[in-house]
Amino acid sequence: MAAPVGFLTEEQRKLMRSASYGREVMVDESSKLMRSVSHGHHTMPEAALGAGGAKNLNAGASSEAKLDRRSNSGKNGRPKKGGGGGKGTWGSFLSADGVLQVDRNDPNYDSEEEPYKLVGAPVAQSLEQFKEKVASLVEEYFASDDVTSMATDLRNLGSPNYHHYFVKKLVSMALDRHDREKEMASVLLSALYADVIEPDQLAKGFRNLLESVDDLSLDIPDAVDILAVFLARAVVDDILPPAFLSKTQKVLAEGSKGIAVIQKAEKSYLLAPHHAEVVERKWGGSTHTTVAEVQAKIVALLKEYVEGGDKAEACCCIRELNVPFFHHEVVKKALVLAMEEKAAEAKIWALLQESAEEGLITSSQMAKGFTRLSDSIHDLALDIPDAKEMLEVFTTRAVDEGWVSAPFSRAVTSELAASVETKEARIFKLKATTIIQEYFLSDDIGEVILSLEDLAAPDYHATFVKRLITLAMDRKNREKEMASVLLSALYAEVIPIASIARAFTLLLHSAEDTALDIPCAANELALFLARAVVDDILAPLYLEEINEQLPEGCLGREIVHMAQSVLSARHAGERILRCWGGGGTGQAVEDAKDKIKLLLEEFEAGGELAETCQCIRDLDMPFFHHEVVKKALVMAMEKKNDRVLSLLRECAQEGLINTSQMVKGFRRVLDTLDDLTLDIPDAKEKAALYVEQAKQEGWLKPSFDENEMSKFT
């Protein structure tokens, strides 16, 4: 059946499809298609073609390749999914500017047809790559001794988060070398501190060293000794805080050699006399200028400038020091000199201004100098009373002239405003220091009590206690024991409990600053705190209360935890009482407690009243008579025998126990009443009865009950 006019037969469609996709076709199919097309899509017999048709057919059969639509160029001639491409096609849709538009909603969308875009992204440096580069830098530094180039190379190396590894690598490579390289390593760390290496990265590097001492010791037998010097040197050079030692010791594994390094650094170097000079010159074979020598040169050039007034020469001397990383020391020393010598202030200011304008001292070094001075302003104020006010003026002026940034100024100003002392407070602190120093020489508690009464400044009693403990921490065990005994003697009779608690709070808040001057301040303050609890001066609950007031992560909190740990140990009372050797006054207090207990038990069992009073007198500790009152009242409650009350009445009538000591003894019982109730259920009723009896018989002042009796109910 003939196909309708205008339509292709199925055979023609198949041939067209195969041709459009470049497939091979049979010769006879090609012949039929040619005949069909030439006769209006009707199939004709081969004989009807005639000679010309046969010739054409043979030609078609002989030239099969002409009907093959595949390209010899190797390129695909098929239409693209977007409609473009292929010979004889319309191509794809074009935008107005002739750029090919890819429709992502097209079902035939292919992401590979998207135009390529090159996006630059930084490639993170791996720790292994950083390690390889650092090792070569350290080797180069040991060969060249060029601090400036080393600082530049490390800064260009990037990856500041890996700087802790640089610290570890530098020190570990110096451990097995001569003194020259050890000194170079210490000087380099001091140079890079804060400007290139952040303080937390430097601390982390030393922490990693302490954790790996056991491994280092396998290759370097004396690694513990050498690393102890490095650690002490870092503290002396002010790049590690002394508190770092105690904090790190807590996180190290028990029995590790890292703990041995810390202990050796403290005992052999940091606690030794003139430890700074000893540590600075430990590697005396070094050819490098030490920090102490640079500091001495800075002081000398500043004094020479003040005398001569030649700014150009002074700037030249600063430049010749060749320590741009240490210029903050020039700023600090210059400001201190301006505070000490009023006449030199104008010249010093002119020198700093010239150095800042020339770019000799950078803004970061200038700010660092002001910051270091601000950190030590409390100690400086002891020698220069108006140091804080002068620093505030200097800071404001420096900001106005563009040397330091405004945010730094606001930080320093707010810190100074919070700690400005009145003239009266400064005078009291000076007098208190004199009283305490005389007490350490004479061991006369009565004289201290009289001196405090003469000062008549109860508002500053917390300052006195703080000063007492601070001065004792930097002295021998004898003075520490004397301070604790004095504190126990002053408690309640002269200084109220609120002032003592306030003093300990101030000490804990300023523990970080104290630790900069007294490396073992944290341990000593923890013992003072525990001793105050053992001596019934502070209640154990106080430790929890103050711990909540301290900032998270501060050294004060660690000190409180240390004190709690000491108090929770077995036989804590005896150990704490003997923590400073147990000699002298400390032993006397402990023995006095035992003797008081024995004489009261002997009296309660039938002893003579006169003999017991004589024993109390023989103790020769009138400042400790409140202990007699307390133990007598507790014994009366426990034994349910009021005979010991007659002893208190007799002591009061004879004047053996004065009124203040009697009141102090009753107050100590009130402070522990809640604990007593656990063992003596009727302790509150008994205490109320004893107070009433004492008032009636005249050995307790009548006004005692207005404020004190509320504690019984």
Criterion: closer than 21 Å to Asp145 by Cβ and in contact with a Gly (Cβ under 7 Å, 6 or more places away or on another chain) - qualifying residue of Asp237, Asp179: Asp179
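Give the number of residues within the stretch 594-625 that are of a type in the set (A, V, I, L, M), in a helix (DSSP H, G or I) and in contact (Cβ under 8 Å) with a residue 24 or more places away in the chain.
4
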Single unsatisfied condition, Pro551 versus (1) at pLDDT below 85; (2) buried (at least 17 other Cβ atoms within 10 Å of the Cβ); (3) not in a helix (DSSP H, G or I): (2)
Which listed residue is among the small types (Gly, Ala, Ser) and crowded, with 16+ Cβ neighbours inside 10 Å, from Ala569, Ala605, Ala539: Ala539
Output for the stretch 495-517, where each listed residue is open to solvent by 10 Å² or more (accessible area, probe 1.4 Å), touching a Pro at 6+ places or on another chain (Cβ under 9 Å) and outside any helix (DSSP H, G or I): Pro496
Verdict on Ser363 being polar (S, T, N, Q), in contact (Cβ under 8 Å) with a residue 12 or more places away in the chain, surrounded by fewer than 18 Cβ atoms within 10 Å (Cβ to Cβ) and within 25 Å of Val147 (Cβ to Cβ): yes
Lone qualifier among Ala185, Ala194 - being modelled with pLDDT of 80 or more and of a type outside the set (Phe, Trp, Tyr): Ala185
The stretch 150-176 residues that are within 15 Å of Ser186 (Cβ to Cβ), paired with ones that are polar (S, T, N, Q) and open to solvent by 30 Å² or more (accessible area, probe 1.4 Å) (beta carbon under 7 Å, 6 or more apart): Lys168/Asn208
Among (1) surrounded by 12 or more Cβ atoms within 10 Å (Cβ to Cβ); (2) at pLDDT 80 or above; (3) not acidic (Asp, Glu) - the single one Leu441 does not satisfy: (1)
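A quick yes/no check of all residues on (1) at negative phi; (2) open to solvent by 60 Å² or more (accessible area, probe 1.4 Å); (3) under 23 Å from the mean Cα position of the chain (by Cα); (4) of a type in the set (A, V, I, L, M):
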position: Leu137; (1), (2), (3), (4): yes, no, no, yes
position: Tyr141; (1), (2), (3), (4): yes, no, no, no
position: Met173; (1), (2), (3), (4): yes, no, no, yes
position: Phe206; (1), (2), (3), (4): yes, no, yes, no
position: Leu209; (1), (2), (3), (4): yes, no, yes, yes
Hey, Lys332 under 14 Å from Gly369 (Cα atoms), in a helix (DSSP H, G or I), in contact with a Gly (Cβ under 7 Å, 6 or more places away or on another chain) and open to solvent by 20 Å² or more (accessible area, probe 1.4 Å) or not: yes
Matching entry among Asp642, Asp682, Asp671 (being out of contact with any strand residue (DSSP E or B) (no Cβ under 6 Å at 6 or more places or on another chain), open to solvent by 70 Å² or more (accessible area, probe 1.4 Å) and more than 24 Å from Gly607 (Cα to Cα)): Asp671
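The values are calculated or read from the model by the stated rules, or taken from the named source; none is laboratory data. Note that the coordinates shown come from a computational prediction; the quantities given were computed from them, not determined experimentally. We place every Cβ from the backbone using ideal geometry, glycine too, and count neighbours over all the protein chains shown. All accessible areas refer to the heavy atoms of the entire protein, side chains included, with ligands and DNA or RNA removed. Shrake-Rupley method; radii C 1.70, N 1.55, O 1.52, S 1.80 Å.
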